[in-house]
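Engineer: Can you keep this structure in mind? I'll have questions shortly.
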């Protein structure tokens, strides 16, 4: 028999590690190729790790809640000779070979445990992500959790890197000795909230991992961007009638449902090409103008939280391609099948608050983007209709678009003109369009 080393697979360019959330297999269980062995969570999305071979799980090198680096061995699977792509082999008798492999497995386990223990538990309460290396440096230098959370990181999504914390340590050590804790003034920020009274009839619910991340992300966005909103009402009667006419034919031909979302996404992508300065990010005092139009699409998870998978190069898709992309991401979000790459690289986000009956909303910007569009519910309303023969009142299908944007870099003219252009594309929709 040979041993196969199951490693944490690469999950995207910006994903370096993941937390094990649940083992789906136990030691001694038989595993088939492509069968999920464990569940993991990154700071972006939850996913499963499948086995690459048929075999039996003989060793788990990590436990639930352990942090694992990409490429690190997480389990040992016993396979038949010749089946493992990363197996251990030997020309010694079978018993001796198995003894050697057992010794190697013990060394792997010891190394893994040492790596786990080196990551201080003191920083586990933070809602921010820190690599084990950063945590170890912080622990060694006596940096408190409050100090660590106050650092501005230069890594992706503001992560604190090795150079960031080493630079802080150097600056910190060059400053005059701080006063004793009892003599220090009260900090001006991050004061603890007033205690909340709880009686015997109240229920205390622990926030989940995803809920904590969303809460942190929303607060950080409000602290980062100067949020401003523009609103516009849109007549989508032509779109409503066109979809009703073609949705059954489309589903029969394509095997996909035709919703309003791909039509709206198409209009947003066209408007971004007209106003590319809403498709940017801010890096300090520099503006990064994005070449690709990657539309984030807020979607519901099974637990009720929202996630934002991304339609890459949305401006290059026709309506059929857009519908397939929207349905695929929405369905995989509902079944927790999204991969880390599915939520990477978004440059602009669209959220549909109309799903919950809201006629409009003021969404929070999805950092590091600078704008987000909310789609309100479509309603039948009385409206003034202008014709060459005069004005009259008729029943029309209308909705509100709510555009939130970062006023540091997107002024009111640009923010308003952009959402106006989206509305113009929607109202000019060709009701005789083929699909």
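Engineer: Can you tell which of 364, 359, 378, 395 is touching a helix residue (DSSP H, G or I) at 6+ places or on another chain (Cβ under 6 Å) and assigned by TED's automatic domain parsing to the domain that holds residue 324?
Structural biologist: Of the residues listed, the single one that is touching a helix residue (DSSP H, G or I) at 6+ places or on another chain (Cβ under 6 Å) and assigned by TED's automatic domain parsing to the domain that holds residue 324 is 364.
Engineer: Shifting gears a bit: Within the range 412-435, can you find the residues that are farther than 18 Å from residue 396 by Cβ, part of a loop (DSSP other than H, G, I, E, B) and out of contact with any helix residue (DSSP H, G or I) (no Cβ under 8 Å at 6 or more places or on another chain)?
Structural biologist: 432, 434
Engineer: Could you check the range 236-276 and list, in sequence order, the residues that are touching a strand residue (DSSP E or B) at 6+ places or on another chain (Cβ under 7 Å) and surrounded by fewer than 18 Cβ atoms within 10 Å (Cβ to Cβ)?
Structural biologist: Across the range 236-276, the qualifying residue is only 276.
Engineer: Out of 292, 327, which single residue is at pLDDT 95 or above and either assigned to a loop (DSSP other than H, G, I, E, B) or not assigned by TED's automatic domain parsing to the domain that holds residue 254 (or both)? Full working, then the answer.
Structural biologist: On the way: 327 fails: either assigned to a loop (DSSP other than H, G, I, E, B) or not assigned by TED's automatic domain parsing to the domain that holds residue 254 (or both).
Residue meeting the stated conditions: 292.
Engineer: Still on this structure, please answer the following. Mind checking whether some residue in the range 371-390 is closer than 26 Å to residue 281 by Cα, modelled with pLDDT of 95 or more, under 16 Å from the mean Cα position of the chain (by Cα) and not in a helix (DSSP H, G or I)?
Structural biologist: Yes.
Engineer: Just to check your reading of the model, which residue among 33, 64, 75, 41 is in the same structural domain as residue 9 (by TED's automatic domain parsing) and in contact with a helix residue (DSSP H, G or I) (Cβ under 8 Å, 6 or more places away or on another chain)?
Structural biologist: 41
Engineer: Tell me yes or no: at least one residue of the range 332-348 is in contact (Cβ under 8 Å) with a residue 40 or more places away in the chain, within 25 Å of residue 253 (Cα to Cα) and not in a strand (DSSP E or B).
Structural biologist: There is no residue in the range 332-348 that is in contact (Cβ under 8 Å) with a residue 40 or more places away in the chain, within 25 Å of residue 253 (Cα to Cα) and not in a strand (DSSP E or B).
Engineer: I would also like to ask the following. Determine which single condition residue 418 fails, assuming it passes every other condition in (1) more than 21 Å from residue 368 (Cβ to Cβ); (2) crowded, with 21+ Cβ neighbours inside 10 Å.
Structural biologist: With (1) more than 21 Å from residue 368 (Cβ to Cβ); (2) crowded, with 21+ Cβ neighbours inside 10 Å applied to residue 418, the lone miss is (1).
The values are calculated or read from the model by the stated rules, or taken from the named source; none is laboratory data. Remember, it's a predicted structure, so these values are computed and weren't measured experimentally. As a convention, Cβ positions derive from the backbone with ideal geometry for all residues, glycine included, and neighbour counts pool all protein chains shown.
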